[in-house]
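I have placed the structure first, in the form of structure tokens, so that the comments after it can refer back to it.
The values are calculated or read from the model by the stated rules, or taken from the named source; none is laboratory data. Nothing here was measured: the structure is a model prediction, and the numbers come from that model. As a convention, Cβ positions derive from the backbone with ideal geometry for all residues, glycine included, and neighbour counts pool all protein chains shown. Heavy atoms of the whole protein, side chains included, go into the accessibility calculation; ligands, DNA and RNA do not. Shrake-Rupley method; radii C 1.70, N 1.55, O 1.52, S 1.80 Å.
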Amino acid sequence: MARRRQLEPPSPEALKELEEGFARENRSGLRMPIADVVGEAAAMAQPLPAEARAEQARDKADAARLRAAEEDGRLVTMVPVAEVHVAGVSRDRIEVAQDELMELATSIVESGLRLPIEVYPNDDGYALISGFRRLEAFRHLAASEGGYTEIPAFVRAPENVADVYVAMIEENEIRVGLSQYERGRAAAMAVSDGVFATLDEAVNVLFRAASKAKRSKIRSFAMIHEELADMLGHATAMNERQCLRLATALRAGLGPEIRDALEQAKPEAAEDEWQVLQGFINKAEQAERAPGRGGRPRTKQAVTRQRRELPNGIAIEREDGAKGFAIRLHGPVSGDMVDDCMAEIERVLSGPR
């Protein structure tokens, strides 16, 4: 059997020679892979201080929130005023009062713009969604004061033009209410621009937060715009009741006569224009109230009534008689509730039969 060879440790001279060999290799720029592994392990063994790690985590969270805000259009961006265009969408507001514009411009100079406008990018720069008055104020300041060439804006990404109309309507309803006529005009223009197929759809989408009674009234205001837009010079001066009365005259078929009268009179003031309209409105209302004429006397008919009690203490009573039908309300009923009921009845009776 062969004898095992006993291993002997290297002599000091041999160890010294090995060390000098390693030193020569390091001086020549060679680096063993094990050195990288050791370096990484050493770095992991000595992590950042707790405060530095917390700051690094905050930076990552801030960057994520910034990216999310930019994607959602919640990041305020300075955009050139000259690149913001308003021609892409029919504006709901017909005109901006000069005194209101000057007040807004003064406020911007003294306190800055507190609420950015809303835009979306297009081929020409940006199209305005909301903030028409603020944009006009900046343009006035740019022309009169100098500077003001950029305006703070939220850059949105609407899915369709209908979303643009909704944002425009909601912004004006909340900040500076539209006139009754402008509400109807906005809905009619949205249909005319092809955004909605019907007036009902336009009103239901643009004024979705409004009650049914209010949306019914807006349909009446839209009818005024559709029939008399090119003839009325002071439509925004009419209040709600005046608009509803004018709509009644139009439903009575007096539209052509009203147009002819306005064409001849050419009223310059709102009061004069209303005087022309009121004659036809009175004519329509008198026709509604006029009793039947001629014929044999009617046989007296018994009156029947049906009453329904509601949980809130209000009762609705239907009356059928010789003079037609009547609806009576009993209990804690307010004038506003009656107006809402009248508007809903008007909507139902005006619809297709």
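Here are the numbers:
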| item | result |
| --- | --- |
| Contact order normalised by residue count of segment 101-144, Cα under 8 Å, 6+ apart, percent | 40 percent |
| With DNA, RNA and ligands ignored, accessible area of Arg65 (1.4 Å probe; Å², nearest 10) | 140 Å² |
| Per residue solvent-accessible surface (Å²) - segment 223-272, probe of 1.4 Å | 54 Å² |
| For segment 240-285: rounded, prolate or oblate by the Cα gyration tensor [a/c cutoff 1.5] | oblate |
| Probe 1.4 Å, all protein chains present, accessible-area order of Met78, Met238, Met223, largest first | Met78, Met223, Met238 |
| Area of Glu150 that stays accessible when all protein chains are in place (1.4 Å probe, Å², to 10) | 90 Å² |
| Surface accessible to a 1.4 Å probe, Asp62 within the full protein complex, Å² | 80 Å² |
| With every protein chain in place, segment 206-250: carbon and sulfur % of accessible area (1.4 Å) | 44 percent |
| Coil-residue trypsin sites (Lys or Arg not before Pro) of segment 170-270, DSSP, other Cβ within 10 Å capped at 10 | none |
| Vicinal HN-Hα couplings computed from phi for segment 181-198 (Karplus, 6.51 cos²θ - 1.76 cosθ + 1.60; Hz; Gly/Pro x) | 5, 5, 4, x, 4, 4, 5, 5, 5, 5, 5, 4, 7, x, 6, 10, 7, 9 |
